[in-house]
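To start, the structure itself, in structure tokens.
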Amino acid sequence: MDWAEELDKWAADYLPDLSMKTDEAMSRHTSFHVGGPARRMAFPRSGEQVVLLTDFARSCGARPLVMGNGTNLLVPDEGLDRLVIDTTAGLNRLEPGEGENELRAEAGASLARLADFAQKRGLTGLEFAHGIPGAVGGALCMNAGAYGGEMKQVVAGASLLDPEEGVKYLSAEEMSFGYRRSVLTDHPDWVVLYAVFRLTPGDPVQIRARMDDLKARRRASQPLELPSAGSTFKRPVGAYAGTLIDQCGLKGLRVGGAQVSEKHAGFVVNRGGATFADVTELIRQIQQRVEELSGIRLEPEVKIVR
């Protein structure tokens, strides 16, 4: 009996209400619209289900991949021989936190919903996150940020599943946030269950105006009309990836269906029918050209999953 059959039998016995799909196309669950079938994809509805599911998955060799909105993932066209756990369908609740001016958000809650939730309660600090297309779990993993704001400025702490030690709560300091990284970067098998955000009282009208302004700026400067994984590369020290790529004359460079955006060179977009091979080859060419002309090696921000 292979891992998928073991998982099916276990789930039927211990999590009979768990929704799970077979050979689910990852292109339906990633913002790049690229990726073949995941052998199994589960949609848990509680943190308890996530804990039980990931624990058994590891024991049977299913190599669980926990994901949110899939906005920073690039998946091979041949798919994944592993269990993908999608938190957005059921693990997405938002509620007031226990402390004053705090909010509690589960891992699969979108940042847009979270920012709206805060605005309606007159809490400021999350305006920058409104236009980031990811979910809370992924945002914590990479300390997501935009327009001068980032997760480390607003996160009070997070509940994490450590496969070795079980569920634990880490403070913001213990999360070790840095530029596009956190403690989860060093422990990719840890899973975010929920996060607590500590915000500041503000005027809901002014908060909404700020969110609308950032939304307009994002639409004007970024290729939101085409599938992508957001910024393709991390910002190198002392420079900007998009500027370096533009200076190398790479805007519009195309490999198959993948293209360096003509609107913002920091984005690789799917012009239609892009494959995993198209995107990874284009990334390679960008890295090579930029390094040749500037001496700077660009590091991908998009996560390539195998």
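Here, region 46-179 has an Rg and a Dmax of 15.4, 48 Å when only alpha carbons are counted. Taking the DSSP bridge list for region 1-141 and keeping only pairs wholly inside it, about 60 percent are antiparallel.
Over all orientations, region 150-306 has a Cα convex hull whose mean projected area works out to 11.7 square nanometres. Full extension of the segment from ASP186 to GLU100, taken as 0.36 nm per residue of separation minus the current Cα-Cα distance, would add 27.8 nm.
So for region 223-304, considering every pair of alpha-carbon atoms, how many percent are separated by more than 16 Å?
Tail of the P(r) past 16 Å holds 42 percent of the pairs.
Counting lysine pairs in the chain whose alpha carbons fall under 17 angstrom apart, excluding pairs fewer than 8 residues apart on the same chain, gives 4. Taking all Cα pairs closer than 8 Å and separated by 6 or more residues, the relative contact order of region 245-288 comes to 34 percent.
With the convex hull drawn over the C-alpha atoms of region 3-86, the volume per residue is 79 Å³.
Shown here for region 102-204: trypsin sites (Lys or Arg not before Pro) in loop regions (DSSP other than H, G, I, E, B) with at most 16 other Cβ atoms within 10 Å, namely ARG121. Put a dot 7 Å past the Cα of ALA89, heading toward its Cβ, do the same for ARG217, and the two dots end up 3.7 nm apart.
The slack between VAL167 and ASP81, meaning 0.36 nm per residue of separation minus the straight C-alpha distance, is 28.3 nm. One equal scatterer on each Cα of the chain, no solvent, Debye formula: the resulting log10 I(q)/I(0) at q = 0.08, 0.09, 0.12, 0.13 Å⁻¹ is -0.37, -0.47, -0.83, -0.97. Legend: calculated FRET efficiency, LYS120 to GLU292, from the Cβ-Cβ distance at R0 = 45 Å, rounded to 0.05, equals 0.35.
All of the numbers you see were taken from the coordinates with simple rules; none came from a lab. What you see is a predicted model, and the numbers here were worked out from it, not measured in a lab. Cβ: placed from backbone, ideal geometry, glycine included. Neighbour counts: every protein chain shown.
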